[in-house]
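Down below is the structure, laid out as C-alpha cells.
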Amino acid sequence: MTQFAISGQIGVGLTTVTSATGSSNNEGGLFALGTMVHSNGNKYVYVLSSGAIFQYATVAIDTDNKARPVTKARADGGERIAFAQTAIPATSFGWVCYEGNDISVTVKASCAADAPLYTTSSAGVLDDTVTSQTLIRGVVINTVASGSKVARAGQAYAVQADVS
C-alpha cells in the first residue's frame, strides 16, 4: 500500500533516499535527523544509514538517529526498532516506519503467524525461533512466511527490544 505523509511536513517522500554529502550528520539530508511524520496511521522517522539497509529490514536506531540492520547486540543495547519500507544505501538518508499497521518485514522462511519475533544471526531479519536471540516486542506477522520471506506485520506499536 502506498503511504503518503499527512502530518503537514512539506516535501516528505517516504520512499525518497538522499546520499549524505559531508561528514556531519545532517549534510545532504532533506530534513533534520529524527524528524517524525504520520502517514495513514503509521509513524516514520528520518534517519541516516550507518550501513546498507535492505528493503523491509528491521533496523535499530541509535540516539543520533543513525540506523542499521538490527542484530542481537544492537537490540540488547536498547536501540529503537523500526522497519525500512525502502532500501537505504550506506551513508544515505531515508524514512523508516517505527509504529503502525500493515508494515512489510523480512522474516526467515516458515516463520509462524501471530508468534513473538526475535532477532536472528542475519542482521535485519526476524524469526519466531527463540534460541539465544532477543525478543522484539510489539510485532507479529499476519500469515506464515513461505518462500518470499517478506511478511506483513498487522501491528507494530511501541516496538522495543526486551532487554530484561
Restricting to Cα pairs under 8 Å and 6 or more apart, the percent relative contact order of segment 18-155 works out to 22
Surrounding charge for I61, neighbours by C-beta under 11 angstrom, Lys/Arg +1, Asp/Glu -1, total +1
In Å³ per residue, the alpha-carbon convex hull of segment 18-155 encloses 93
Surrounding charge for A32, neighbours by C-beta under 14 angstrom, Lys/Arg +1, Asp/Glu -1, total -1
Extension length gain for S19 and S132 (0.36 nm per residue less Cα distance), in nm, is 37.1 nm
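Each reported figure results from applying straightforward, stated rules to the coordinates on display, with no laboratory input. The model shown is predicted, which means the values in this text are computed figures rather than measured ones. Every residue, glycine among them, receives a Cβ derived from its backbone with ideal geometry; neighbour counts consider all protein chains shown.
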